[in-house]
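Beneath this line is the structure, given in structure tokens, with notes to follow.
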Amino acid sequence: MRYAMVIDTRLCVGCMNCVVACKTENNVPDGFCRDWITETVRGEFPDVRLEIRSERCNHCDNPPCVSCCPTGASHVREGGFVMVEKNKCIGCKACLLACPYDARFTHPDGYVSKCTFCIHRIAEGLDPACVSVCPTHCMFFGDVDDPASGVSKLLTTRQHHTLLPEAGCRPHVFFLT
Amino acid sequence: MPLEFTTTRDNPGIDPVLNAWLVAVPIDLFVVAIAAGLMVLAGLHLLIVRPTKPQPMATCTVGPMLGVILLSVGLTALFLKLSHKLYVWQLYLTFEPTAPISWGSYLMPLSYGALLLNLVAHLPVTLPQLAERIPVLARISGVIFARPSRVIALGAVNLGLGFSLGIYTGVMLSTLHARPLWNSPLLGPIFLISGLAAAAAVLHAVLVAVARNERRTAKGKSWIDRLARWTGGSKPDAAIAPMLRWGIVAFLTLQLVVIGLYFVGMLSAPDVSQRAVTLLLAGPQALLFWVLVVGVGTVAPLAMQLLEIGQKIRATIIPALLVLIGAFALRYVLVFAGQESHWTRGIAGF
């Protein structure tokens with residue numbers, strides 16, 4: 001089983017519902033965010049291409065944040081969830097420096113925090129909070145090891161990309177184009 | 001093709017530029033590097049001379065004493081940089097072979113032990129009054145010098161741990177994947193060589209200060225005399241001074257060569273490394289790097305040491321101070337410029 005998130009950039013309007021839902025669901029402290037909206041505009045008018053993406057931790061297959069953690073606080077759980085055990089984290093911030101997506105931050109309480117793909121909701125058979133509130137239904141979550149899952153079908157039928165594939169982390173948040 | 005990039009993320013310490021490691025980190029890297037250099041020099045000296053009794057060799061008297069103080073400062077700085085301090089003990093419940101910080105967390109106390117052992121071994125000449133007051137320390141010294149193999153082991157342990165500690169700080173940075181400025185295998189050697197130069201400079205400065213003190217007319221009134229009276233210690237043997245002078249010249253020359261190779265490697269590497277190294281060529285840290293690290297911290301003391309060797313100028317502690325300024329500036333610049341370097345930064349619009 002390998003969970004992944006698929007986001008259709010042709011449907012995303014950057015409403016930030018996902019950001020608000022994540023902050024509410026995970027009690028993210030004021031001034032911080034576990035997910036965010038990024039817009040890239042390529043070209044010059046009238047030949048312009050806009051891509052709006054809802055970004056977060058990419059729960060990589062080869063996560064440098066895990067290999068550099070000196071206490072094992074950063075670890076990978078079954079299903080590919082990259083997690084941080086807050087009672088093991090010493091706040092050395094090596095993982096912040098190792099992540100090419102800058103997806104982690106230091107919680108005001110001192111430990112490092114990041115997107116968990118709402119693992120507590122997945123355990124109950126629910127979608128992550130961000131996916132469940134998306135008004136344009138541009139976000140999908142599921143098992144990419146299962147060829148019959150919705151995310152597997154999208155990845156086989158639609159063109160997609162990941163962020164910074166050249167960094168070699170094998171991210172598992174895919175953007176449909 | 002023009003590319004415009006906007007994001008709603010504004011996490012403190014992350015955006016717009018990563019600022020996770022503050023000034024405590026370069027301070028830690030700086031003092032630990034000097035301590036490591038002092039250990040290497042002490043280890044080498046013990047292995048070459050193989051003394052049969054405690055001798056007032058600067059490398060083994062002043063060296064470990066300064067090393068213990070510096071390592072204590074480094075450990076304090078390291079502890080202060082942690083944001084979840086109460087969980088620091090978690091470092092010692094596991095060993096993560098892929099995490100250099102895990103290696104470092106074991107290297108530091110081991111090095112502390114090796115420095116203390118060398119300090120105690122030479123205590124009868126460094127702090128004789130203390131050795132007399134605490135006989136067990138004098139006995140430990142006696143046990144170490146009872147057999148040549150123990151002295152050799154002490155030298156080898158100091159050399160090995162000092163080398164590992166010196167190279168570790170650079171290796172730690174170079175394994176942090178997302179900061180292209182640090183992704184060079186030469187960072188470890190640069191930090192090691194810079195630490196050796198700084199350690200040799202510190203010892204040389206001590207010997208110069210002691211020699212100058214002896215030439216003064218008002219005997220017994222300087223702080224060195226007062227310190228000597230208070231500790232009862234022997235004057236550090238100045239026989240090693242010429243070797244330290246040549247050592248500083250060799251280490252600084254090697255440092256210039258390895259820094260040059262680092263630039264060659266980065267500029268001939270893929271685009272991301274080339275963009276990263278422009279931070280040192282034209283970025284906000286470029287002036288600090290070229291003026292303080294290369295100019296003031298390497299070229300100037302190198303020239304002064306060569307003039308000193310050629311007896312064109314008098315021996316002073318100024319070259320040592322310049323080497324120390326350069327060694328700290330090297331770490332400061334690399335830590336902050338490294339955090340600024342990024343896979344996407346430097347691409348138009350990012």
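Read the figures in this text as sums done on the coordinates, not as results from a lab. Computed from a predicted model, the values in this text were never measured in an experiment. Using ideal geometry, Cβ is built from the backbone for each residue, glycine included, and neighbour counts are taken over all protein chains shown.
Report D for region A:85-177 in µm² per second (integer): Stokes-Einstein, Kirkwood Rh on Cα pairs, 25 °C, 0.890 mPa s. Please list the in-between numbers first.
On the way: Rh = 15.5 Å.
Reported coefficient: 158 µm²/s.
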Decide, for region A:86-125, between rounded, prolate and oblate: order the square roots of the alpha carbon gyration tensor eigenvalues as a ≥ b ≥ c, take rounded if a/c falls under 1.5, and otherwise choose prolate if a/b is larger than b/c, else oblate. oblate
Over region B:97-256: Rg over Rh, Cα atoms, Kirkwood Rh: 1.05
Report the Cα centroid-to-centroid distance between region B:318-332 and region B:37-54 in angstrom, as an integer. 25 Å
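Per residue of B:92-99, count partner chain C-beta atoms within 10 Å of its C-beta, then hand back the mean as an integer. Provide the component values of the computation, followed by the final result.
Details: counts 1, 3, 6, 3, 9, 1, 6, 12.
Per-residue shielding by partner chains comes out at 5.
Pop out the Kirkwood hydrodynamic radius of the protein assembly as shown from its pairwise C-alpha distances, inverse of mean 1/r, in Å to one decimal.
Working: mean 1/r = 0.0389 Å⁻¹.
Answer for the protein assembly as shown: a Kirkwood hydrodynamic radius of 25.7 Å.
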Sort out for me the Cα centre separation of region A:113-133 from region B:135-168, rounded to whole Å. 55 Å
Between the modelled labels at B:E214 and A:D109 (7 Å from Cα along Cα→Cβ) the distance in nm is 6.2 nm
Distance from the Cα centre of region B:105-121 to that of region A:1-77, in angstrom? 45 Å
Hey, rough spin-label estimate for B:V136 and B:S268, points 7 angstrom out along Cα→Cβ, what's it come to in nanometres? 5.8 nm
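Can you figure out the FRET efficiency of B:I69 with A:E78, using R₀ = 45 Å and their beta-carbon distance, to the nearest 0.05?
So, using R0 = 45 Å, E works out to roughly 0.40.
Out of every Cα-Cα pair in chain B, what percent are more than 24 Å apart? Don't jump to the answer; show the numbers that get you there.
Numbers: 36581 of 61075 pairs.
Summing the P(r) tail past 24 Å for chain B gives 60 percent.
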Percentage of Cα-Cα pair distances in region B:20-62 greater than 15 Å, rounded to whole percent? 52 percent
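Can you give the longest run of chain B that contains no trypsin sites (Lys or Arg not before Pro) sitting in a DSSP loop with at most 15 other Cβ atoms inside 10 Å?
Working: sites that count: B:R216, B:K219, B:K221, B:K312, B:R314.
By the stated rule (loop sites, at most 15 other Cβ atoms within 10 Å), B:1-215.
Using a Cα distance threshold of under 28 Å, what count of lysine pairs results for chain B when pairs must be 8 or more residues apart or interchain?
Working: B:K53/B:K235; B:K219/B:K235; B:K219/B:K312; B:K221/B:K235; B:K235/B:K312.
Final tally of qualifying lysine pairs is 5.
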